[in-house]
1. Using a 1.4 angstrom probe on heavy atoms only, work out the carbon and sulfur share of the accessible area of region 16-74 in %.
2. Considering only C-alpha atoms, what is the centroid distance from region 62-97 to region 171-212, in Å?
3. Below 8 Å between Cα atoms, with a sequence gap of 6+, how large is the relative contact order for region 125-228 in percent?
4. Against the globular-protein guess of 2.2 N^0.38 Å, express the Cα radius of gyration of region 29-91 as a ratio, rounded to two decimals.
5. Can you tell me the 0 to 90 degree angle between the C-alpha axis of helix 35-56 and the longest principal axis of the chain, rounded to 10?
6. Taking springs between alpha-carbon atoms closer than 10 angstrom, which of Val199, Val132, Val51 fluctuates most in the Gaussian network model of the chain?
7. Give me the net charge for the shell around Ala133: Cβ to Cβ below 13 angstrom, other residues only, Lys and Arg +1, Asp and Glu -1.
8. What is region 112-228 by shape, rounded, prolate or oblate, if you read a ≥ b ≥ c off the alpha carbon gyration tensor as root eigenvalues and call it rounded for a/c under 1.5, prolate for a/b larger than b/c, and oblate otherwise?
Amino acid sequence: MEIVVRWSSPLPAEERFLRLLDDVEQGRFENYRQDADKRRFLTGRVLAKTVAAEWLGVAVDTVKFDATCEDCGKPHGRPTVPGADLTLSISHSGDLIGVAATPSVPVGLDVETANRRADDGLIDYALSPAEVASLTGLADDERSRAFFVYWTRKEAVMKATGKGLRIPLQSITFSRYDEPARLASSDDPALDPARTRLVDLKAADGYRAAIAVLTTDELSVTEEHWTP
């Protein structure tokens, strides 16, 4: 299965980008108080619409998203193009925004800055016993790097299922942090290892990223850095 992942730095709030937002998206953009949050939201929408336009063979200014949340009905859900054979996932951290596109199968993308620390409380909260054991003996920097390999994988599969943290993080176990990404076991019926595919991504220097797709097909992922 062909997967497209595009990365971008935050875009400036210029008219050529703002005009690609519909009224609902304009409202969400204005509701962010911090300039950095506004730019990340804007970039995510512009990048997603650019990817969708290329995927569908249409002009970017004709792409309209429906982001209705399935749980509450508010417009903060996963953006979709109604009727299109396309699934999108948006993620951002620091100064990196990413969009993943697949055919109509569940996909989740996650990116995290790599300079964060992982304390014992976070490790015990997020990792299964087997994953915790794999960190034994690592120096602090190595342990943090290994932890965030697991963390991005977990966030990616949570996004792919649409259930988020309603799936206990400790209930899923991945292959070792230094091995190709694979869901080894899951205690939750929403995640079947036989129907889950993962790839650890390159993203950019200073970041960790992973993509998860709920499929039996093997993944072929193309990563590109986009500039307008």
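The values are calculated or read from the model by the stated rules, or taken from the named source; none is laboratory data. Since this is a predicted model, take the numbers as computed values, not measurements. No Cβ is skipped: glycine too gets one built from the backbone with ideal geometry, and neighbour counts run over all protein chains shown. Areas reflect the complete protein model, heavy atoms only, side chains present, ligands, DNA and RNA absent. Shrake-Rupley method; radii C 1.70, N 1.55, O 1.52, S 1.80 Å.
1. Carbon-and-sulfur percentage of accessible area, whole number: 43.
2. Each part's Cα centre sits 22 Å from the other's.
3. It rounds to 24 percent for region 125-228.
4. 1.16
5. For 35-56 against the chain, the angle is about 80 degrees.
6. With Cα springs under 10 Å in the chain, the top fluctuation among Val199, Val132, Val51 is at Val132.
7. Surrounding charge for Ala133 is 0.
8. It comes out oblate by the Cα gyration axes.
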